[in-house]
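S.K.: To start, I am sharing the structure in question, which I have written as structure tokens.
The values are calculated or read from the model by the stated rules, or taken from the named source; none is laboratory data. This one's a predicted model, so the numbers in the text were calculated from it and none came from an experiment. With ideal geometry, Cβ positions are generated from the backbone for all residues, glycine too; neighbour counts draw on all protein chains shown. Please note that ligands, DNA and RNA were not included when accessible areas were found on the heavy atoms of the full protein model with its side chains. Shrake-Rupley method; radii C 1.70, N 1.55, O 1.52, S 1.80 Å.
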Amino acid sequence: MSDARTPAQIEADIRSRRNQLAVTLDEIGVRLHPSTIVGDAKARFASAVDHTAGRAYVAVNRTVSDVKAQFVSDEGAPRVERIVPVALVAVGLVGLLALSARKRRT
């Protein structure tokens, strides 16, 4: 058996390689096109924002649940022994702020 190829086989190989190179160069051109790069950057940024917003939502939701658990029992009844002191402190702070604002006006 001879490993010699005919000129037609060689030309077919050359055409095939040229087509493969053309496809590869087209793919490189698309990947390096500015609009593709901008689109990829936008997609990565949007993904990062979604991820960060999701983590922030979970953290806020957890915090709200923890605070709610301090003022509401497992059965859903308000915990008066915790609500009253906080309400008194809040009223005291509002009163101090009102007095402070009144003193500044006079």
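S.K.: When only residues in segment 53-106 that are part of a helix (DSSP H, G or I) and of a type in the set (Ser, Thr, Tyr) count, which is most open to solvent (accessible area, probe 1.4 Å)?
M.R.: Taking segment 53-106 and keeping what is part of a helix (DSSP H, G or I), we get 53-71, 80-105.
Right, trim to of a type in the set (Ser, Thr, Tyr) and you get 57, 63, 65, 100.
Values: Tyr57: 153, Thr63: 79, Ser65: 63, Ser100: 42 Å².
Among them, the one singled out is Tyr57.
S.K.: Return yes or no: is Gln20 surrounded by 10 or more Cβ atoms within 10 Å (Cβ to Cβ) and over 37 Å from the mean Cα position of the chain (by Cα)? Step through it out loud before you land on a result.
M.R.: On the way: surrounded by 10 or more Cβ atoms within 10 Å (Cβ to Cβ): yes; over 37 Å from the mean Cα position of the chain (by Cα): yes.
When the stated conditions are applied, Gln20 passes them.
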